[in-house]
1. Using a simple spin-label model with points 7 Å from Cα along the Cα→Cβ vector, what separation in nm is obtained for residue 32 and residue 56?
2. Amide H neighbours of residue 15 under 5 Å, counting only residues 5+ apart in sequence or on other chains, H built in-plane at 1.01 Å?
3. Identify the chymotrypsin sites (Phe, Trp or Tyr not before Pro) of segment 12-92 meeting these criteria: DSSP loop state and at most 15 other C-beta atoms within 10 Å of the C-beta.
4. Tell me what the chain gives for mean residue ellipticity at 222 nm when only DSSP H runs of n ≥ 4 count, each as -39,500 (n - 2.57), the sum divided by the residue total, rounded to 500 deg cm²/dmol.
5. Tell me, what HN-Hα J-couplings in whole Hz come from the Karplus equation 6.51 cos²θ - 1.76 cosθ + 1.60 at θ = phi - 60° for each residue of segment 54-67, using x for Gly and Pro?
6. At R0 = 41 Å, how high is the FRET efficiency between residue 12 and residue 45 if r is their beta carbon distance? Nearest 0.05 is fine.
7. Using the Karplus equation 6.51 cos²θ - 1.76 cosθ + 1.60 (θ = phi - 60°), what ³J(HN,Hα) coupling, rounded to whole Hz, does each residue of segment 77-85 give in order, writing x for Gly and Pro?
8. With θ set to phi - 60°, apply the Karplus curve 6.51 cos²θ - 1.76 cosθ + 1.60 along segment 31-42 and write out the HN-Hα couplings as whole Hz, x wherever there is a Gly or Pro.
Amino acid sequence: MNAPDHVTIHAATRRLSLTWNDGQTQWIDNATLRKRCPCSTCRRLMLSGHKARVESNVAIVDLQPMGYGVQIVFSDGHAQGIYPWDYLAGIV
Ligand SMILES: [Zn+2]
């Protein structure tokens, strides 16, 4: 899957927008992204029936492009998750 044309942090509304190659723009809440973190620690937590403790006002402080996806650095210090583009596209 190709990287989106634009990935933008919207700090005021606590959302991330992704503009895909077909011109569609997808919006995802920061808290949703944090809850859906695909790193092994968060996946293990979810598989064992636990929910990650996520502040509703969690912010995205940095994005690191990784080719097949993007590493998201959150304000709670969690930065282990690398989100593949197809995974992000599937988050509603
Ligand atoms: Zn994680």
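1. 1.6 nm
2. Answer set, sorted by chain and number: 10, 30.
3. 68
4. -5000 deg cm²/dmol
5. Each residue's phi maps through the Karplus curve to give 10, 6, 5, 9, 4, 10, 9, 9, 7, 10, 10, x, 10, x Hz.
6. Values: r = 30 Å, r/R0 = 0.72.
Using R0 = 41 Å, I get an efficiency of 0.90.
7. x, 7, 9, 7, x, 10, 9, x, 4
8. Rounded to whole hertz, the list is 5, 5, 4, 5, 5, 9, 3, x, 6, 5, 5, 5.
Values quoted throughout were computed directly from the atomic coordinates according to the rules given, and no laboratory measurement underlies them. Note that the coordinates shown come from a computational prediction; the quantities given were computed from them, not determined experimentally. Positions of Cβ are generated from backbone atoms using ideal geometry, with glycine treated the same way; all protein chains shown enter the neighbour counts.
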